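To keep things clear, I will list the structure first and then write my remarks on it.
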Amino acid sequence: MTTTRSAPPRARRQPARQRGDRIFAGSARAAGLLIVVVLAGVAAFLVWKSLPAFGAPAAQLPAGKGLWSYIGPLAFGSVLAAVIALVIATPLGVAIALFVNFYAPRRLARALGYVVDLLAAIPSIVYGFWGIVALAPALVPFYGWLADHLGFIPLFAGPASATGRTMLTTGIVLAVMILPIISAISREVFAQSPQLHREAALALGATRWEMIRLAVLPYGRSGIIGGAMLGLGRALGETLAVALVLSISGGVTFNLISNSNPGTIAANIALQFPESSGIQINALIASGLVLFVITLAVNVLARWIVNRRSDFAGANG
Amino acid sequence: MSAAPTPTAPTPTVSAPPPASRQPAGTSPIGRARTLSRAAAIGTFAAGAAVGALLGWATRSGVVLAVTYGVVLGTVALYGVSRALEGRRRATDRLVTSLVYSAFALAMIPLVWLLEAVIRQGLARLDAQFFTESLFAVVNKGGGAYHAIMGTLIITGLTTLISVPIGLLTAIYLVEYGHGRLRQAINLLVDVMTGIPSIVAGLFAYALFEIFFGPGVRLGIAGAVALSVLMIPVVVRAAEEVLKLVPNELREASYALGVPKWRTILKVVVPTAVAGLGTGITLAIARVVGETAPLLVTVGITAVTNLNPFDGRMATLPVFAYYQLTRPGVPPQYATDRAWTAALLLIVLVMALNVVARLISRLFAPKTGR
């Protein structure tokens, strides 16, 4: 009883809190809550709109064989393209971060960093233009060579595409697009690696590479992994570049250089949506939901890895 | 660093040979018995590269292969010479150095190539007509992207109007007011929101507006909502970073003078951070102005000028470029030219926004001197 009595006076002890304060704090809080609502809304609307597709008879759906056999190959294509991009972009991104942080002439380093960031500023549709008109035709002879000489590897079984609009080309375009993300995050963690460790390594007679291997890379490992996963998230959701570059025929294949390629979820939505109606739209939204769940999982994992490292960094200094 | 025996050596790793040659390789206590000077290293690489390039030229394999041979042979030559003269550790260091340089050069190729392709093909239609006419009743030649340019400006403007207040207030909440579970939750959700694929944001906006306007809805405002989903988290993160930089002493001084918290934020914190906020918002606009996928599913495309975002389809620059390239009609040349010019305009727009962002941060930066 006494405790409940004492509560009101304590609340009244701050009369100086004016109306303006309450309004302002309230609206800031409301904006924060709105973000919660929007995200919940995204999830709720996607689920709600895709429910009809889950219940629909298989014959009405685009592939004609049920929802999962429609989305499955697309999800496979998304993951395949993103993984190719990751395999290409991660070593390059790390090397670029090392170059900007430790190899480039000091005076140029900042400017070169900006130049790499420019890659991130170019709209994805322009990458698509470049991929379909410039890169794909240029890669055709290379694919021919791959099919002739490395055809025994299932990835390069061929027959080589005559247009160059293959899974591998798509992967390369995506790699260029996620390169700035990976290199920016790697650069950040490399710059935070303890200066004293680096100098100590050099003082003990380490070469520059040994210094990097001993003092920088172990420290930056989780940053590299996190950056790569953020890049993976971006590559999974990339739409227009894939829609333009990839020549899609559906199906599941690991053959990277042939004419028949699996589609990706995002590209498929962009290509089909404008002409779709009714249950087809629901099926497309269902595939969007799958993409949302996949990228969500990848991104949360990436953030978790990056943040774990930042806790570690905080403890260190 | 004091180990460098001669003052002429620019850095310790390239100390001049004379003092080193006094000691035979391998017996030196410091392990730098014999080192290549910088000029010698570059020369070795260049010699290898020249042989490689010559090989490429002799076998008539084209520029790309010749350059590839050159880089590979140059690296191998440098590694071999360094291995023989300097030992394994330094050779590895040299190898990694040339790999890192090559990686950077490799990453520059797409950038230069892409800019070259877009500028070369985009210049063909970069004329006054492109900025003043729409595609209304245009069959082959002529026509422009006036409707698409206006559409992009209107939709991006609306997006900014929606996103900036929400984003700024959320950042203020996170930095100034938030605590405990809710703050953590919002922090996490902003991260999650950053990762939403742009096409999914488009689907969300479509589903939302379908409730009110029925199936097949295409509205400019729906596109603005979709873009806002993408832009808000960017604004929040940028604003949060900047607000965190405002020194706490300023806030405390203001409180000590009896200023209420909300006025402190509006009159002290935000003005101090205004340069950073401007930069962050401009970069966020640059991030969404080239987005195509969400507009493709929410706004669609049209050939006529529609300046009302609450009424029907609108044209936007990225979607315009997409359809002009993929559905050029016959003959395709005219539409393809328009597509490239639109792509060029997009790049120019994004680059200009980036430059403006840097200018803002330079011009409006808080004066630090006394």
Completion exercise
The alpha-carbon center of the range B:275-306 and that of the range A:11-82 are separated, in whole Å, by 21 Å
Exercise for the section: Find the relative contact order for chain B and round it to a whole percent, using C-alpha pairs within less than 8 Å whose residues are 6+ positions apart. Expected result: 17 percent
Problem - For the range A:33-153, Kirkwood radius (reciprocal of mean inverse C-alpha pair distance, Å) - result: 19.7 Å
Handout entry: With 10 Å bins from 0: P(r) over the range B:191-252, alpha-carbon pairs, percent
Key = 21, 35, 22, 13, 8, 1
Handout entry: Solution diffusion estimate, µm²/s, Stokes-Einstein, the range B:131-363, Kirkwood Rh from C-alpha pairs, 37 °C, viscosity 0.692 mPa s
Key = 171 µm²/s
Completion exercise
In chain B, whole DSSP H helices that both stretch 18 Å or further along their axis by alpha carbon positions and average at least -1.0 on the Kyte-Doolittle scale are B:38-58, B:62-86, B:88-122, B:146-172, B:180-194, B:198-213, B:220-245, B:274-289, B:333-363
Exercise for the section: Sticking with the crude label model, points 7 Å out along Cα→Cβ, report the distance from B:GLN129 to A:ARG110 in nm, one decimal please. Expected result: 4.6 nm
Completion exercise
Rounded to a whole number, the mean other protein chain Cβ count within 10 angstrom for residues of B:186-194 is 6
Problem - Overall form of chain A per C-alpha gyration tensor (a/c, 1.5; a/b vs b/c) - result: oblate
Practice task
Kindly provide the helix-only [θ] at 222 nm of chain B, computed as the sum of -39,500 (n - 2.57) over DSSP H runs of four or more divided by all residues, to the nearest 500 deg cm²/dmol?
Solution key: -22500 deg cm²/dmol
Handout entry: Cα Rg over Rh - the range B:36-122, Kirkwood
Key = 1.10
Handout entry: Sorted by Cβ density within 10 Å, fewest first, the residues A:HIS197, B:HIS179
Key = B:HIS179, A:HIS197
Handout entry: Cα coordinate range in the protein assembly as shown, projected on the principal axes (Å, largest first)
Key = 86, 76, 52
Exercise for the section: Count, for each residue of A:299-307, the Cβ atoms from other chains sitting within 10 Å of its Cβ, then give me the mean as a whole number. Expected result: 3
Handout entry: the range B:307-353, Cα convex hull volume normalised per residue, Å³
Key = 83 Å³
Fill in the blank from the handout: Correct response: the longest run of chain A lacking exposed chymotrypsin sites (Phe, Trp or Tyr not before Pro), defined by DSSP loop and at most 13 other Cβ within 10 Å, is A:1-151
Practice task
Order the peptides A:275-284, B:247-256 from the highest to the lowest mean number of other Cβ atoms within 10 Å of their residues.
Solution key: A:275-284, B:247-256
Problem - Residue mean of other protein chain beta carbons inside 10 Å, B:176-185 - result: 2
Problem - Sorted peptide list for B:211-221, B:151-161, B:95-105, criterion being average Cβ within 10 angstrom, highest first - result: B:151-161, B:95-105, B:211-221
Handout entry: DSSP H segments from chain A that extend 27 Å or more along their own axis, Cα-based, with Kyte-Doolittle mean of -1.0 or above
Key = A:19-55, A:67-98, A:167-192, A:217-237, A:279-316
Fill in the blank from the handout: Summing +1 per Lys or Arg and -1 per Asp or Glu among the other residues with Cβ less than 12 Å from A:PRO123's Cβ gives -1
Practice task
Give, as a single signed number, the net charge of other residues whose beta carbon lies under 12 Å from the beta carbon of B:ASP191, with Lys and Arg counted +1 and Asp and Glu -1.
Solution key: +1
Practice task
Please report, in cubic angstrom per residue, the volume enclosed by the convex hull of the alpha-carbon atoms of the range A:200-317.
Solution key: 146 Å³
Practice task
Please return the longest stretch of chain A lacking exposed loop sites, where trypsin sites (Lys or Arg not before Pro) count only if DSSP places them in a loop and at most 14 other Cβ atoms lie within 10 Å.
Solution key: A:66-317
Practice task
Note down the relative contact order for chain A as a percent, whole number, built from C-alpha pairs under 8 angstrom at least six residues apart.
Solution key: 27 percent
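Coordinate-derived values only; no laboratory data. Source: prediction; values computed, not measured. Neighbour counts are summed over all protein chains in view; Cβ atoms, including those assigned to glycine, are modelled from backbone coordinates with ideal geometry.
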